[in-house]
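The values are calculated or read from the model by the stated rules, or taken from the named source; none is laboratory data. Here the structure is a predicted model, which means the values were calculated and not measured. Positions of Cβ are generated from backbone atoms using ideal geometry, with glycine treated the same way; all protein chains shown enter the neighbour counts. Accessible surface is based on the protein model in full, side chains and every heavy atom, while ligands, DNA and RNA are left aside. Shrake-Rupley method; radii C 1.70, N 1.55, O 1.52, S 1.80 Å.
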Amino acid sequence: MVSVHELSRTDARRIAVRAQLLDGARPTDLLKVVRQLTLLQSDSTAAVAPSADLVAWSRLGASYSPAELSDAIQGRALIELRGMIRPGEDLALYRAEMAEWPGSGEVSGWRTAQAEWVNANDACRRDILDRLGRDGPLTSRDLPDACAVPWKSSGWNNDRNVAMMLEMMVQRGEVAASGHRGRDRLWDLATRVYPDDPVIPVDEAIRLRNELRLRSLGIARMTGPECPVEPGDVREVGEPAVVEGVKGAWRVDPSQLGQPFNGRAALLSPLDRLVYDRKRMVEIFDFDYQLEMFKPAAKRRWGYFALPILYGDRLVGKVDATADHKSGVLRVDAVHQDVPFIKTVARAIDREINDLAHWLELELAMPR
C-alpha cells in the first residue's frame, strides 16, 4: 500500500510549476510542450495575444512563432476539440465517448436536455451534415439556421442555434474544427479531419486522460465537480497526498516528488492551466485573481486581461497590458505588486515584459 505523501504548500507549488514547464529549464519544442500540458485553450480574446499563443510563449520564449501552432494544426499534429488544442494522437481517447453521446448508464440532467434538443432539431443536424459534405469546410456563418426549437439560455448562447448544434455535433463525433478563416472557425465532417486510429474503450480512455492530466498538473484534487470539457480532478491515478494547511484529498505525480527546483519569472495567460483552477490557485498559491474582462471598467482592480506574474514558485502580481497593433505599441498601464518586489524580482519581471513586446514586435510603453 502506498503511503500518503505529506507536502508543504511550497512542495505543492513547485510540483505544479515544474509540471507546467514554468521552472528554469525552458523547453524548446512546441509539440513536446503541448503533449506535456495536454492542451492549449483556444480563445479568440487577443487583448495581448490569443491565449494559446501566450501559453506557448510563456514556456518557449520569443523564439516561438504563432505560425508554428497554425502549421501543427494544419498538419493535424495538433487538433482542436471543443475549444481545446490537443495532441492529434489524444483524439483516440475521446472517440468512444463520442459514439456513446450523451453517455451510457445514468446521464446527468443537463446532458439529457442537450440530447433532447438535438433530437428535436434533427432536420437542422442533417442539413449541416449535407452542406458540409457538399461544400465544406464552412464557417458557422455559412450554415443556415434550420432549427425548429431555439436554444434557450440565460447567457450569451441564447438563440445561437447553429453554434450550439455544431457543439453538440462535435460531442457526437460528427463534425470537427478544421482550421480558421480569419477569426472564424472552419467546420468540416469529422471523417475528413480525424485520423482513423483505433478507438480506446471509455473506461480505459478516462483512466489515460486522468494520467495525462495529473502529469500536466503535477498535483490535483482526487475528486471535483463535473466539468463539461476539461475536469480539474484526476480520480485515483498517481499517489495520495495531503497538503499542509489545505483540506481534502490530493493526488500527486510521483515522478515529480523530490526533484530539485530552479524557478524563473513568467507572465501567464489568465487561461493558463497553472491558474485556471481558481480554487487550487487560492489553496496552494494564496493568489487573489479574477479575469475582469466582463466587468465594467470602473469595477476592475487589475485590468481587462491582466496577466498573472509568476516568480519562482509564487504568484506575485499582475501586469495590465494591451497590445495596440495599429499604433505598434504594447501598452502597460500598471504592474500590480501583491508583495513589494525586491530589485532582482523587479528586474526579472521587466525582462519578461520586454521579451513580450519583442515577441509581439511592438514598442513598449511603460508607466513612469
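Pairs meeting the criteria (first residue in segment 300-321 and at positive phi and in contact (Cβ under 8 Å) with a residue 40 or more places away in the chain, second residue open to solvent by less than 20 Å² (accessible area, probe 1.4 Å) and aliphatic (A, V, I, L, M), beta carbons under 9 Å, at least 6 apart or on different chains) are GLY312/VAL17; GLY312/ALA265; GLY312/VAL345.
Could you pull out every one of the strands (runs of 3 or more DSSP E) wholly within segment 197-286 that has 2 or more residues that are more than 25 Å from GLY88 (Cα to Cα), modelled with pLDDT of 95 or more and among the small types (Gly, Ala, Ser)? Give the derivation first.
Numbers: elements: 219-221, 239-243, 246-252, 265-267.
Fully inside segment 197-286 and qualifying: 265-267.
For segment 340-355, what are the residues that are aliphatic (A, V, I, L, M) and touching a strand residue (DSSP E or B) at 6+ places or on another chain (Cβ under 6 Å)? Step through it out loud before you land on a result.
As a first pass, look at segment 340-355 and keep what is aliphatic (A, V, I, L, M): 342, 345-346, 348-349, 353.
Across segment 340-355, the qualifying residues are VAL345, ALA348, ILE349.
Out of the residues in segment 287-310 meeting the condition of being assigned to a loop (DSSP other than H, G, I, E, B) and of a type in the set (Lys, Arg), tell me which one is surrounded by the most Cβ atoms within 10 Å (Cβ to Cβ). Ranking the qualifying residues of segment 287-310, first place goes to ARG300. Regarding GLY103, is this residue farther than 24 Å from LEU362 by Cα and either over 19 Å from the mean Cα position of the chain (by Cα) or β-branched (Val, Ile, Thr) (or both)? The answer is yes for GLY103.
Within segment 77-106, residues that are more than 19 Å from PRO201 (Cα to Cα) sit with their Cβ atoms under 7 Å from residues that are open to solvent by 40 Å² or more (accessible area, probe 1.4 Å), at 6+ positions apart or across chains, in these pairs: ALA77/LEU31; ARG82/VAL229; GLY83/VAL229; MET84/VAL229. One residue stands out in segment 168-182 among those that are at negative phi and open to solvent by 60 Å² or more (accessible area, probe 1.4 Å): the one that is modelled with the highest pLDDT, namely ARG172.
Per the listing SER51, SER108, SER65, the residue uniquely open to solvent by less than 50 Å² (accessible area, probe 1.4 Å) and under 14 Å from the mean Cα position of the chain (by Cα) is SER51. Scanning segment 33-61 for residues that are among the acidic types (Asp, Glu) and either farther than 17 Å from ALA266 by Cβ or outside any helix (DSSP H, G or I) (or both) turns up just one, ASP43. A residue that is in a strand (DSSP E or B) and open to solvent by 10 Å² or more (accessible area, probe 1.4 Å) occurs somewhere in segment 337-354. Checked against (1) under 19 Å from TRP359 (Cβ atoms); (2) open to solvent by 10 Å² or more (accessible area, probe 1.4 Å); (3) touching a Ser or Thr at 6+ places or on another chain (Cβ under 7 Å), GLN36 passes all but condition (1). Is at least one residue of segment 313-323 farther than 17 Å from VAL275 by Cβ and modelled with pLDDT of 95 or more? Yes: segment 313-323 contains one or more residues that are farther than 17 Å from VAL275 by Cβ and modelled with pLDDT of 95 or more.
Annotation: MET165 fulfils all but one of (1) in contact with a helix residue (DSSP H, G or I) (Cβ under 9 Å, 6 or more places away or on another chain); (2) hydrophobic (A, V, I, L, M, F, W, C); (3) surrounded by fewer than 20 Cβ atoms within 10 Å (Cβ to Cβ); (4) closer than 26 Å to LEU91 by Cβ; the unmet one is (3). Scan VAL275, VAL229, VAL193, VAL199 and give me the residue that is in contact (Cβ under 8 Å) with a residue 60 or more places away in the chain, of a type in the set (Val, Ile, Thr) and open to solvent by less than 20 Å² (accessible area, probe 1.4 Å). Testing whether each residue is in contact (Cβ under 8 Å) with a residue 60 or more places away in the chain, of a type in the set (Val, Ile, Thr) and open to solvent by less than 20 Å² (accessible area, probe 1.4 Å) leaves just VAL193. Considering ASN210, ASN157, the condition of being surrounded by fewer than 14 Cβ atoms within 10 Å (Cβ to Cβ) and under 26 Å from VAL275 (Cβ atoms) is satisfied by ASN157 alone.
Among the residues of segment 241-261, are any closer than 28 Å to VAL170 by Cα, in contact (Cβ under 8 Å) with a residue 60 or more places away in the chain and open to solvent by 10 Å² or more (accessible area, probe 1.4 Å)? For segment 241-261, residues closer than 28 Å to VAL170 by Cα, in contact (Cβ under 8 Å) with a residue 60 or more places away in the chain and open to solvent by 10 Å² or more (accessible area, probe 1.4 Å): absent.
For segment 129-142, check the following and say yes or no: at least one residue is open to solvent by less than 70 Å² (accessible area, probe 1.4 Å) and either basic (Lys, Arg) or farther than 30 Å from GLY75 by Cβ (or both).
The answer is no; no qualifying residue exists.
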